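The values are calculated or read from the model by the stated rules, or taken from the named source; none is laboratory data. None of these values were measured; they are calculated from a predicted model. Note that we place each Cβ from the backbone using ideal geometry, even for glycine, and neighbour counts take in every protein chain shown.
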Amino acid sequence: MAGTDAALLLLADSRLPAGGHAHSGGVEPAVAAGAVTDVADLTVFLRGRLATAGLVAAALAAAACAHAAGPADAFDALDAEADARTPSPAQRRAARAQGRSLLRAARATWAHPALDALAGTAPHHPVALGAATAAAGGGPGDAASIAAFTGVTGGASAAVRLLGLDPLAVNRAVAGLAADIDAVAARAADAARGPWAELPAASAPVLDLYAELHAGADLRLFES
């Protein structure tokens, strides 16, 4: 992140009471499908997710943060852009559930017009994250970095619980993705300076299919 303010670190902390621990970022259905069985598989999965869904989320978060001081109805337009980039109904539901939880935690922690503008809604998680980053005193680059970082660490943490992987090995794998995370965050922050219609729309069809299969699974440890 561009800054090291404790408030921004709080947003990247898995202990933030925003329900992030209940989401695997697609790792659980990938494990069920046999696509992720070890640390090497996990690394490939996380790198691919970062370059697609992670980039999209980071750009949306950066855009929301950049426009946090703008008119309240601007968030409706940005949320529609998030919907357009999330073809899976299951993923849309999960993103809004996470967004609602994050918004609740953020409003209990900080006072900011952007958070008030979203009150009573269930925004996509990146939109809520961008508004929360602004409320915590961060900028678009910070929002992009937090989105990219947590998009990787959430799945990594889920994999440890699902597969009993060595936490040290998984941590080493995440550290190995640091340059990728920084690159995605920088690209997302740059894209957020332009029109919202031109924000990244990288697709990940397998993640969409996994999300739909996961939503209908009889036994699940995670929501997504």
| query | How many residues does the range 1-41 hold that are under 18 Å from H214 (Cα atoms) and aliphatic (A, V, I, L, M)? | reply | 8
| request: Among the residues of the range 111-129, write down those that are in a loop (DSSP other than H, G, I, E, B), free of Cβ contacts under 8 Å to residues at least 60 places away in the same chain and buried (at least 24 other Cβ atoms within 10 Å of the Cβ). | output: P123
| query | Among helices (runs of 4 or more DSSP H) lying entirely in the range 1-77, which contain 1 or more residues that are buried (at least 24 other Cβ atoms within 10 Å of the Cβ) and either in contact with a strand residue (DSSP E or B) (Cβ under 7 Å, 6 or more places away or on another chain) or free of Cβ contacts under 8 Å to residues at least 12 places away in the same chain (or both)? | reply | none
| field | Selected residue (only one of R193, R172 is outside any loop (DSSP other than H, G, I, E, B) and basic (K, R)) | value | R172
| query | Only one residue in G48, G70 is small (G, A, S) and modelled with pLDDT of 95 or more, so which one is that? | reply | G48
| Scope the range 78-110; condition under 18 Å from A197 (Cα atoms), surrounded by fewer than 17 Cβ atoms within 10 Å (Cβ to Cβ) and in contact (Cβ under 8 Å) with a residue 60 or more places away in the chain; matching residues | A84, P87
| request: Tell me which of these A53 doesn't satisfy, since it passes every other one: (1) modelled with pLDDT under 95; (2) under 15 Å from the mean Cα position of the chain (by Cα). | output: (1)
| query | If you check every pair at least six apart or on different chains, which have Cβ atoms under 9 Å apart with a residue in the range 171-182 that is within 11 Å of R47 (Cα to Cα) and without any contact (Cβ under 8 Å) to a residue 24 or more places away in the chain first and a residue that is of a type in the set (D, E, K, R) and surrounded by fewer than 19 Cβ atoms within 10 Å (Cβ to Cβ) second? | reply | none
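Which members of the range 199-220 meet the condition of being outside any loop (DSSP other than H, G, I, E, B) and surrounded by fewer than 17 Cβ atoms within 10 Å (Cβ to Cβ)? Working first, answer last.
Restricting attention to the range 199-220, the residues satisfying the condition of being outside any loop (DSSP other than H, G, I, E, B) are 205-215.
Passing the criteria: P205, L209, E212, L213.
Consider G154 carefully, then state whether it is out of contact with any Cys (no Cβ under 7 Å at 6 or more places or on another chain), of a type outside the set (D, E) and modelled with pLDDT under 95. Outline the logic, then answer.
On the way: out of contact with any Cys (no Cβ under 7 Å at 6 or more places or on another chain): yes; of a type outside the set (D, E): yes; modelled with pLDDT under 95: yes.
When the stated conditions are applied, G154 passes them.
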| query | Which residues, taken from the range 140-155, are more than 9 Å from the chain's Cα centre (by Cα), closer than 15 Å to A178 by Cβ and surrounded by fewer than 24 Cβ atoms within 10 Å (Cβ to Cβ)? | reply | T153
| request: Test A132 against the criterion of being among the aliphatic types (A, V, I, L, M), in contact with a Leu (Cβ under 7 Å, 6 or more places away or on another chain) and assigned to a helix (DSSP H, G or I), and give yes or no. | output: yes
| task | Run D208 past the list (1) within 14 Å of Q91 (Cβ to Cβ); (2) more than 17 Å from the chain's Cα centre (by Cα) and report the number of the one that doesn't hold. | result | (2)
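Give the residues of the range 48-66 that are under 13 Å from P126 (Cα atoms) and either touching a Gly at 6+ places or on another chain (Cβ under 8 Å) or of a type outside the set (A, V, I, L, M) (or both), sorted by residue number. Can you show your working first?
So in the range 48-66, the residues under 13 Å from P126 (Cα atoms) come out as 53-66.
Those that are under 13 Å from P126 (Cα atoms) and either touching a Gly at 6+ places or on another chain (Cβ under 8 Å) or of a type outside the set (A, V, I, L, M) (or both): A53, G54, A57, A58, L60, A61, A62, A63, A64, C65, A66.
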